[in-house]
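Just below is one structure, and these are the notes that go with it.
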Amino acid sequence: MMSYASGMKKSHCNTCGGERNQRILHRESTNWRDNAYGGFSVSGSDDYYFLRCAGCEEFQFRHETFFSEDDPQGGPRVRLYPSAVSRREPTWSRDAIWPLGSKAEIAIGDLLTEIYAALQNDSRRSAAMAIRALIETIMVDKVGDQGSIGDNVKAFLAAGYVPPRSEKAFRDTLIEGGHAAMHRGWKPTTAELATMMDLTEWLVASIYVHPDQAAAVQAKIPPRKS
């Protein structure tokens, strides 16, 4: 085993988003070879990096694995801790003071935290199920518990929280997607989950965030002179 630390390395940064220069704070490397395969041998190596982003200064652990029988054009297999995510948490989610809100708003803040944690760990089923729980919490908060998920959806749509042109996407993507993950073992692809997150973030922001932001701006606008 070799131990050393120096230089820079490109690696995905969740905070900055995308590949960024990372300072190598520490590195450990191991190599192995096995000759027990009938006249030929296989080999491999593991490189462990402790990194710090040169931009935002977040820390990261990176594990690169090389195996001689893998496609040499593919490069090493890479695992990142925390896992690489393509979706960044919106600014309004970090800035919103959920703990100071109502009981439902506190639950919404907690569910959002769980959703982004699931995304970070590529737990797509868990994220889809948490999205479904979040949507149901929002519906009950705004229109009350109507006794079933179907009746909650009807009341929520009738109250005008979702534009008519988006009602089908709300039903088919958010409601049915979460239901399928919970009861039918559906695991959404990264792209499918991104669509669910687009709709979820829009819904939360349009109901809980943007009205307060708009009210704050309106309070600062000088009134018209009569």
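If the condition is being open to solvent by 60 Å² or more (accessible area, probe 1.4 Å), closer than 14 Å to LEU134 by Cα and modelled with pLDDT of 90 or more, then the stretch 172-197 contributes only GLU176.
Taking the stretch 30-46 as the range and being among the small types (Gly, Ala, Ser) and either modelled with pLDDT of 85 or more or in a strand (DSSP E or B) (or both) as the test, the residues that pass are ALA36, SER41, SER43, GLY44, SER45. Please pick out the residue among CYS56, CYS16 that is under 30 Å from TRP202 (Cβ atoms) and modelled with pLDDT of 90 or more. Checking each option against the conditions leaves just CYS56.
For the stretch 27-45, the set of residues classified as open to solvent by 70 Å² or more (accessible area, probe 1.4 Å) and touching a residue at least 12 places away in the same chain (Cβ under 8 Å) consists of ASN31, TRP32, listed by residue number.
Hey, any hits in the stretch 153-169 for a residue that's open to solvent by 20 Å² or more (accessible area, probe 1.4 Å), outside any loop (DSSP other than H, G, I, E, B) and closer than 20 Å to GLY109 by Cβ?
No, the conditions are met nowhere in the stretch 153-169.
Restricting attention to the stretch 46-76 and to residues that are open to solvent by less than 50 Å² (accessible area, probe 1.4 Å) and farther than 18 Å from LYS9 by Cα, the residue that is farthest from the chain's Cα centre (by Cα) turns out to be SER68.
The values are calculated or read from the model by the stated rules, or taken from the named source; none is laboratory data. The shown structure was predicted, so the numbers you read here are calculated from the model rather than taken from an experiment. Quick reminder, even Gly has a Cβ in these numbers, built from the backbone with ideal geometry, and neighbours come from all protein chains shown. Accessible surface is based on the protein model in full, side chains and every heavy atom, while ligands, DNA and RNA are left aside. Shrake-Rupley method; radii C 1.70, N 1.55, O 1.52, S 1.80 Å.
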